[in-house]
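To start, the structure itself, in structure tokens.
Every number here is computed from the coordinates shown, using simple stated rules; none is lab data. Predicted model, so just to flag it, every value in this text is computed and none were measured. Methodologically, a virtual Cβ is constructed for each residue, glycine included, from the backbone with ideal geometry; neighbour enumeration extends over all protein chains shown.
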Amino acid sequence: MTGERTPQRPKRGMNATVRKKRDLLSLFDVDAAEIAALFKRAGELKEARRNGEVTHTLKSRTLGMIFEKSSTRTRVSFEVGMFQLGGMALFLSSKDIQLGRGETISDSAKVMSRYVDGLMVRTYGHKNVEIMAEHATVPVINGLSDDFHPCQILADLLTYEEKRGSSKGARITWIGDGNNMANTWIQAASRVGFHLVLSCPVNYDPMPEVIEAAQAEISARGDSDASITLVRDPREAAQKADLVTTDVWASMGQEKETERRLRAFEGYQVDSAVMAEANSDALFMHCLPAHRGEEVSAEVMDGPQSVVWDEAENRLHVQNAILEWLLLGNR
Ligand code: CP
Ligand code: NVA
């Protein structure tokens with residue numbers, strides 16, 4: 001997508017006619033009550049699927065899915081989800097649509113809004129998702145940008161709560177790259193309220209402005225169940241954790257940095273020694289795809305504490321709840 005200046009976003013509540021729609025660009029677009037409602041609905045939809053019930057709440061609705069990066073889970077779960085809800089999804093590779101040939105994001109957003117009821121975008125610069133949301137008249141969902149991956153963290157938290165109950169006040173440890181996943185965990189810590197400990201090598205910390213915004217929100221609320229702490233030593237970071245989670249050391253778009261990153265992240269693998277520092281019933285999560293032997297040992301990834309397959313499944317259920325919320329809530 002070609003870069004464009006981000007127009008001034010209208011302030012919420014300033015002009016009711018400007019933005020009736022809601023978007024999910026990052027977890028700062030949802031509050032704690034909305035997250036709880038999404039989890040409740042995701043649970044109902046999951047149970048309905050288990051019972052073989054048909055839930056056609058999005059009958060004849062459509063979702064355009066624009067992908068600039070590869071995907072297995074995001075593509076399949078959104079596409080299957082729209083079908084399960086009675087609608088349909090269009091897979092739009094940026095290589096095949098005019099966006100990839102220089103049509104502007106704003107023009108594309110305006111045109112696609114005339115055809116579809118919602119847009120899901122997976123792209124590089126987060127600015128691209130913001131521009132899409134600004135110009136689309138239908139809800140826009142961030143299916144991963146360089147900075148944030150909100151659908152994944154909602155699936156992760158849903159998985160945690162299914163297995164351990166409320167995540168309020170839990171201790172969650174992130175080990176590895178301060179990437180889009182780490183940034184989104186930070187937003188979740190402030191919105192939902194849990195203790196997040198991040199352990200990243202020097203020069204690979206998460207975005208400082210995201211940490212500052214999240215910490216300011218926690219302080220303003222005076223929430224003693226929430227905190228964000230950076231700890232260099234991964235074993236120290238994992239101490240007493242209820243959940244340990246990680247992600248690849250080189251994200252999509254960083255392939256050329258792989259060798260340098262492999263050296264920089266030495267010692268940051270989530271292995272049995274790291275898990276031994278955590279609570280004995282601690283869970284292990286990974287958004288996938290995973291590289292066994294790099295950010296996680298095969299023993300942990302495929303071991304009894306790993307819940308990665310349930311986590312991947314929950315992308316489907318939580319996104320179905322998100323789709324209902326955004327596509328129906330705006331009519
Ligand atoms: N976790 C995740 O978003 O996976 P995909 O890249 O396969 O969509
Ligand atoms: N951080 C990874 C997540 C993949 C789901 C990436 O952006 O490639």
Note to self: Springs between alpha-carbon pairs under 10 angstrom, Gaussian network model over the chain: which of Ser251, Ser77, Ser199 fluctuates most?
What the structure shows: Ser251
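Which whole-number percentage describes the relative contact order of segment 198-331, with Cα contacts under 8 Å and a sequence gap of 6 or more?
Values: 140 pairs, mean separation 30.8, N = 134.
Value for segment 198-331: 23 percent.
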Margin query: Just to check, using Stokes-Einstein with a Kirkwood Rh over alpha carbon pairs, what's the diffusion coefficient of segment 124-183 at 20 °C and 1.002 mPa s in µm²/s?
Written below: 161
Note to self: To make sure I understand the rule: partners must be lysines, Cα under 30 Å from the Cα of Lys20, and not fewer than 8 residues away in the same chain. Which ones qualify?
What the structure shows: Lys11, Lys40, Lys46, Lys59, Lys69, Lys110, Lys127
Item checked: Integer Hz, Karplus 6.51/-1.76/1.60 couplings in order for segment 209-216, x for Gly and Pro -> 5, 6, 4, 4, 4, 5, 5, 5
Notebook entry, point to check: What is the packing order of peptides 125-137, 163-175, taking the mean over residues of other C-beta atoms within 10 Å and listing the highest first?
Noted result: 125-137, 163-175
Next item on the list: Provide Rg over Rh for segment 78-147; use the alpha carbon set for both Rg and the Kirkwood Rh (inverse mean inverse pair distance).
Entry: 0.95
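For the chain, what is the calculated [θ] at 222 nm in deg cm²/dmol (nearest 500), taking -39500 (n - 2.57) for each run of four or more DSSP H residues and dividing by its residue count?
Working: 12 runs with 131 residues, N = 331.
Using -39500 (n - 2.57) per qualifying helix, the result is -12000 deg cm²/dmol.
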Next item on the list: Compute the Rg/Rh shape ratio of segment 152-284: radius of gyration over Kirkwood radius, all on alpha-carbon atoms.
Entry: 0.96
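Highest first, please rank the peptides 53-61, 188-196 by the mean number of other Cβ atoms sitting within 10 Å of their residues.
On the way: 53-61: 13.4, 188-196: 25.0.
By packing density, highest mean first, the sequence is 188-196, 53-61.
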Check: Cα-Cα pairs above 34 Å in the chain: how many percent?
Finding: 21
Item checked: Most to least packed among 26-36, 81-91 [average Cβ atoms within 10 Å] -> 81-91, 26-36
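Just want to confirm a number: the relative contact order over the chain, from Cα pairs under 8 angstrom separated by 6+ residues, in percent.
Details: 635 pairs, mean separation 64.6, N = 331.
About 20 percent, as a whole number.
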Check: How far is helix 126-135 tilted, in degrees, relative to the longest principal axis of the Cα atoms in the chain, given as a value from 0 to 90 rounded to the nearest 10?
Finding: 30
